[in-house]
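None of the figures in this text is laboratory data; all of them are computed from the coordinates on show. Quantities reported herein were computed from a predicted structural model and do not represent experimental measurements. Note: ideal-geometry Cβ built from the backbone for every residue, glycine included; neighbour counts use all protein chains shown.
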Amino acid sequence: MTTKNIALREDVYKKLKEVKGSDESFSDAIEGLLERKGSLLPLWGSLSESRALDLIEADLRSIRSGAKVRR
């Protein structure tokens with residue numbers, strides 16, 4: 001099997017290291033991530049530092065407080 005060297009930023013390397021299993025190689029981890037088409041993993045945390053998240057949460061609270069409970 002041939003191998004290729006790739007360069008990763010330090011922050012990307014750390015994230016990949018966290019994602020991969022202890023019994024898994026980096027190649028296996030990358031392959032698994034690439035096979036997850038439609039995965040929400042790439043979106044994880046994308047709004048964590050965004051003002052949009054605050055607006056979404058405020059809208060949800062407003063909607064929930066105005067909802068009527070059926071009995």
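Some points to look at:
- Structure-derived Kirkwood radius over Cα pairs in Å - corresponding label in (i) 12.8; (ii) 12.5; (iii) 16.0: (iii)
- Inter-probe distance in nm under a simple model that places probes 7 Å from Cα toward Cβ, at Ala29 and Leu55: 3.5
- Packing, taken as the mean count of other beta carbons within 10 Å per residue, orders the peptides 60-70, 19-29 from highest to lowest as 19-29, 60-70.
- Note that segment 53-62 has calculated 3J(HN,Hα) couplings of 4, 4, 5, 4, 4, 5, 4, 5, 4, 5 Hz, one per residue in order, obtained from phi through the Karplus relation 6.51 cos²θ - 1.76 cosθ + 1.60 (θ = phi - 60°); glycine and proline are x.
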